[in-house]
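In what follows, a structure is listed as structure tokens, so that the remarks can point back to it.
The values are calculated or read from the model by the stated rules, or taken from the named source; none is laboratory data. Just so you know, these numbers come straight off a predicted model, no measurement behind them. Glycine gets a Cβ as well: all are built from the backbone with ideal geometry, and neighbour counts include every protein chain shown. The protein model used for the area step is the full one, side chains on, heavy atoms only, and it has no ligands, DNA or RNA in it. Shrake-Rupley method; radii C 1.70, N 1.55, O 1.52, S 1.80 Å.
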Amino acid sequence: MTAPSPNHAARAATLVTFQLNGEPVTVAAPPHWTLVEVLRYQLNLTGTKQGCDKGDCGACTVRVDGAPVLACMTLAVLVQGRSVETVEGLGVGGEPHPLQRTFAELGAAQCGFCTPGMLMSASAYLDDLATRDAPTVDAVEISAVLGGNLCRCTGYTKIVQAVAVAAREVVERAQTLAEMSNDEAML
Amino acid sequence: MLRLPELEVVIADSLVAALTRLAEGRHVRALQGGTDLVANLKTGQTKAQTVVALGPLSELHGIDTSGEMVRIGAGERLVDVAQNAELQELFPALTYALARIASPQIRNAGTLGGNLCLDTRCRFINQSDLWREAMGGCLKSHGHECHVIPGGGGCVAALSADSVPVLMVLGAEVEIARLQDGAVLLRRTRVADLYDTDGLRHVRIADGELLTAVLVPKLPEGARAVYRKWAVRQSIDFPLVSTAVRLDLDRDGKLKQGKVAVGVLGPRPRLIPLDRWVGRPIDETLAQQVAAQVFDRCHPLPNVLYDHEYRRERLRVEVLRAIRTWFTPTAAAN
């Protein structure tokens, strides 16, 4: 019953290919390396922060196949073939993401260590909001969305406000689009 | 930085392959979302040489509500089970409990099977390797002495899985696979019988076995369950008080059968039948009596954070609040 255990072979680095912020990358990842380690120390993407390293703080939040997950709990070899988004991939064409703009405008960061994780959790919420039929912005829901991201500086108020302002822009855009399509239907 | 020790990572391409590797012994562990195991490997409270990643196995996936027993694959992510509209309709207490596990990021990775197999937790074990060694270790790590019950002979770390009390009162079963002569053999056991009193090995799943699915019987008419969790924070925290109440009422609104399940005691959750109240109306008197009974029978230990006498009193209150949802329309139900 016992299969041979090729430990020495399996512990060598494995080539892992995945989509990183929309571009394919291949890295040689040792099997015991987590995604946050590969991102920071092999790919030099230091935007993703390494905080508690045991799933408590959310500073390492990245999106895998769209869903916010903890890069410190994810083995790098298991993202083979998947899509990974980090804070570096948020803005488009050199322009900041709406969340990055509202965080800056409203002063939603103090030391800034939790900010990349907050942005990744919030960006998934904004994307989800854009797919809803009649989206509304609710501070309680925003708090729940950010429930896995700890901030030791701000007291969260300005973070929730910044997400709410960006979320309202999403809702307004959806309403404008809906009105435009209604107008077209009437024509 | 908290690094993982060197590991062999096997990505299982078939259930047989996974079971074959798991049969090698305790040094080979099954990995799903990794939200419990990876942390425990990092702090050294779990030792393993190999992890078998189960992600691709189709046998562990799928939610089938067509039969009398609803089948939920053990590899289904907590978020997918919690947000499943059919399950929200059938078992609102279960989806409510799952939606309150840890944080969004952990529910996006962690699985139902993983929650059932959650390692026991204790304030003397969920610490760094250095911390545990410096204080002389305990039964579960580095040492031979229990600090929760000095002189105690067995580890009493707590089972803190939110799903378990609800699944117990729902009468759920789990399907467990193993290999025999190269073929996959399945056995079933009740969730209520899945746990042992030994905090070092509290899940009754042998080496070479794998939890593949959770089976939940549909509730008969008049039956409902409620889950109550108390923790310091509404997010991230493991429960410090965790209880599920199920009451089955007859056509006159009298109790036909009922049970209360309580977690976060020791390694084994407790199931308390409410037989002595059969035939009684569901009112404040019954709620007070059941809550008092649960208080008498359950003794939270100083194994997790927060004062254990407060947790015992709080457990009484949570049971009371759960039962009040049957006769107070404004009480928060789930």
(request) Give the interface area between chains A and B as buried accessible surface, both sides summed, probe 1.4 Å, in Å² to the nearest 100. (result) 2900
(message) Residue by residue through segment B:148-157, what is 3J(HN,Hα) from phi via Karplus (6.51 cos²θ - 1.76 cosθ + 1.60, θ = phi - 60°)? Round to whole Hz and write x for glycine and proline.
(response) 7, 10, x, x, x, x, x, 6, 10, 4
(message) Can you give me the % of accessible surface on chain B that is carbon or sulfur? Probe 1.4 Å, all protein chains present, nothing else counted.
(response) 49
(request) Could you bin all the Cα-Cα distances of segment B:1-153 into 10 Å bins starting at 0 and give me the percent of pairs in each, rounded to whole numbers? (result) 10, 32, 31, 21, 6, 0
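Just counting partner chain Cβ atoms within 10 Å, what average do the residues of peptide B:222-235 show around their Cβ? Please report the intermediate quantities before stating the final value.
Numbers: counts 0, 0, 0, 0, 0, 0, 0, 0, 0, 0, 0, 2, 3, 8.
Mean partner-chain Cβ count within 10 Å for B:222-235: 1.
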(message) If you roll a 1.4 angstrom probe over the protein chains with everything in place, what fraction of the accessible area of segment A:98-186 belongs to carbon and sulfur, to the nearest %?
(response) 55
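Which semi-axis lengths, in whole Å and largest first, follow from the square roots of five times the eigenvalues of the Cα gyration tensor of the protein assembly as shown?
Values: eigenvalues 262, 201, 110 Å².
Equivalent ellipsoid semi-axes, largest first: 36, 32, 23 Å.
For segment B:63-121, build the convex hull from the C-alpha positions and give me its volume per residue in Å³. Display every interim value, and only then the final one.
Details: hull volume 4.9 nm³, N = 59.
Once divided by residue count, the hull of segment B:63-121 is 83 Å³.
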(message) With a 10 Å cut-off between alpha carbons and a GNM built on chain B, which of B:LEU185, B:LEU274, B:LEU219 moves the most?
(response) B:LEU185
(request) Mind listing the long-range amide H neighbours of B:ARG280? Cut-off is under 5 Å, sequence gap 5 or more, other chains count too, H placed in the peptide plane at 1.01 Å from N. (result) B:LEU255
(message) Along its three principal axes, how long is chain A when you only count alpha carbons? Whole Å, largest extent first please.
(response) 69, 44, 37
(message) Need the C-alpha centroid separation for segment B:110-178 versus segment B:266-300, integer Å.
(response) 25
(request) Take peptide B:35-43, look around each residue's Cβ out to 10 angstrom, count Cβ atoms belonging to other protein chains, and average those counts. (result) 4
(message) Give me the base-10 log of I(q)/I(0) for segment A:65-106 at each q in 0.14, 0.19, 0.24, 0.32 Å⁻¹, Debye formula, one uniform scatterer per Cα, rounded to two decimals.
(response) -0.45, -0.71, -0.88, -1.14
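Between A:CYS52 and A:ALA178, what FRET efficiency comes out of the Förster formula 1/(1 + (r/R0)^6) with R0 = 45 Å and r the beta carbon distance, rounded to 0.05?
It comes out at approximately 0.60.
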(request) Give the accessible surface of the protein assembly as shown per residue, rounded to a whole number of Å², with probe radius 1.4 Å and ligands, DNA and RNA excluded. (result) 43
(message) Per-residue counts of other Cβ atoms within 10 Å, averaged by peptide: what ranking do you get for B:125-136, B:2-13, highest first?
(response) B:2-13, B:125-136
(request) Treating cross-link reach as a plain straight distance, find the aspartates and glutamates whose alpha-carbon is under 13 Å from the alpha-carbon of B:LYS42, omitting any fewer than eight places away in the same chain. (result) A:ASP53, B:GLU6, B:ASP129
(message) When 1/r is averaged over all different Cα pairs and the result inverted, which Kirkwood radius in Å belongs to segment B:131-232?
(response) 16.5
(message) Please compute, for the alpha-carbon atoms of segment A:11-89, the extent along each of the three principal axes and give them in descending order in Å.
(response) 29, 27, 20
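Hey, got the average number of other protein chain Cβ atoms within 10 angstrom for residues in A:64-71? Show your work: numbers first, answer last.
On the way: counts 2, 1, 1, 7, 6, 11, 11, 1.
Mean number of neighbouring Cβ atoms from other chains: 5.
Counting DSSP beta bridges in the protein assembly as shown, what percent are antiparallel, to the nearest 5? Show your work: numbers first, answer last.
Details: 60 of 71 bridges.
Just about 85 percent of them are antiparallel.
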(request) For chain A, with a Gaussian network of springs between Cα atoms less than 10 Å apart, report the residue from A:ARG132, A:ARG168, A:ARG63 with the top mean-square fluctuation. (result) A:ARG132
(request) Pull out a ≥ b ≥ c, the square roots of the eigenvalues of the alpha-carbon gyration tensor of chain B, then state rounded if a/c is under 1.5, prolate if not and a/b is larger than b/c, and oblate in the remaining case. (result) oblate
(message) Give me the Å³ per residue figure for the convex hull around the C-alpha atoms of segment A:98-186.
(response) 81
